[in-house]
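Chemist: This structure is in structure tokens; I'll ask about it shortly.
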Amino acid sequence: MEETVLIDRREGYVALTLNRPERLNAFNETMHAALKRALHDAADDPACRAVLLTGAGRGFCAGQDLADRNPATRSEPVDLARTLDTFFNPLVRQIRALDMPVIAAVNGVAAGAGANVALCCDLILAARSATFIQAFCKIGLLPDAGGTWTLTRRIGEARAKALAMTGVPLTADEAADWGLIWRAVDDDALMDEAHALAASLSAGPTFALALTKQAIHAAATNDFDAQLDHERDAQARAGRTADYAEGVTAFLEKRPARFTGQG
Ligand code: T3D
């Protein structure tokens, strides 16, 4: 049987490729299980210090596989609260909780929950030809997988509502200009750039990068004073690591730091 997630372990990081290209890598339960397992394995592997997520073929991910939601084959409506609780919500939580950078290399169209899975990654690169589509309104749903949260915070209510209520495709360049993603990249440069970024991050101070990720997440709900306290407590932990000692020593010795990533 075809693997629904291709796993490519590189030095310091793992590249995961959603692999249902004939459906633009839409999620079925098998692909959910495979991605969940691969992310767990990354978290459990001390040698893995970054994750790169991309899609096979011409798309990144078209969200839920709608063939599994065909009303004609069901006696009663599918319980979407249950499916979100079982599949997409644990997935986006798992990505956000991973104590290492998760890079999305959006190689083509990212639609529905596929867009919002990409947007919950930490660093998002997209090919210039890629588009982000909040396709939910076209099928009578609202954005999920964290979309209403992410869009509103990154691009504001006006643009979030327009994307969600019209389902118009947003180009990678627009997404970068709006601050929804980090960078748009020429199509033929995307994967080289994404792998270079993953390699570079995986040689970084992983524990401090995880603290950085947590602190930026906490900033979404903290007020300024609470965030200062969060930074202080996290910095105290970072300041006790061998990577901090190494970083300062390397600076003073005018050489590149050799980080181990340990806490
Ligand atoms: O259900 C729950 O548990 C709740 C959670 C929901 C989360 C969601 O993600 S809901 C939103 C689901 N996604 C969509 O509504 C997007 C559906 N797809 C599209 O609108 C279009 O395919 C795209 C705009 C993404 C791309 O258009 P285009 O013209 O480039 O490609 P295409 O021809 O439409 O698609 C290519 C093939 O992929 C095609 O199959 P075929 O005809 O060649 O055999 C198409 O049916 C298939 N495909 C694309 N998206 C899906 C899909 N098959 C199943 N499910 C899909 N989501």
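Chemist: Among (1) more than 11 Å from the ligand (Cβ to nearest atom); (2) farther than 30 Å from residue 200 by Cα; (3) within 16 Å of the chain's Cα centre (by Cα), there is one condition residue 87 misses while meeting the rest; what is its number?
Modeler: Tallying (1) more than 11 Å from the ligand (Cβ to nearest atom); (2) farther than 30 Å from residue 200 by Cα; (3) within 16 Å of the chain's Cα centre (by Cα), residue 87 fails exactly one: (1).
Chemist: Among the residues of region 13-26, write down those that are touching a Lys or Arg at 6+ places or on another chain (Cβ under 9 Å) and away from the ligand (no atom under 15 Å from the Cβ).
Modeler: Within region 13-26, 13, 15 qualify.
To keep it simple, each residue is scored yes or no on (1) within 14 Å of the ligand (Cβ to nearest atom); (2) of a type in the set (S, T, N, Q).
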site	(1), (2)
28	yes, yes
36	no, no
40	no, no
46	no, no
49	no, no
54	no, yes
59	yes, no
65	yes, no
73	yes, yes
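Chemist: Now a separate question. Among the residues of region 4-31, what is the count of those that are surrounded by fewer than 20 Cβ atoms within 10 Å (Cβ to Cβ) and under 19 Å from residue 67 (Cα atoms)?
Modeler: Residues flagged as surrounded by fewer than 20 Cβ atoms within 10 Å (Cβ to Cβ) and under 19 Å from residue 67 (Cα atoms) within region 4-31 amount to 7.
Chemist: So, in region 90-116, exactly how many residues are away from the ligand (no atom under 11 Å from the Cβ), in contact with a Phe, Trp or Tyr (Cβ under 7 Å, 6 or more places away or on another chain) and of a type in the set (A, V, I, L, M, F, W, C)?
Modeler: 1
Chemist: Let me ask you something else. If you scan region 123-158, which residues turn out to be part of a helix (DSSP H, G or I), more than 16 Å from the chain's Cα centre (by Cα) and crowded, with 18+ Cβ neighbours inside 10 Å?
Modeler: Correct list: 135, 136, 155.
Chemist: I would also like to ask the following. From the list 225, 243, which residue is charged (D, E, K, R) and surrounded by fewer than 12 Cβ atoms within 10 Å (Cβ to Cβ)?
Modeler: Answer to the check: 225.
Chemist: Which numbered condition trips up residue 215, out of (1) surrounded by 15 or more Cβ atoms within 10 Å (Cβ to Cβ); (2) part of a helix (DSSP H, G or I); (3) over 18 Å from the mean Cα position of the chain (by Cα)?
Modeler: (3)
Taken together, the values in this text are just the output of simple stated rules run on the coordinates, not laboratory data. Note that this is a predicted model, so its numbers are computed, not measured. Because the Cβ atoms are built from the backbone with ideal geometry, glycine has one as well, and the counts that use them run over all protein chains shown.
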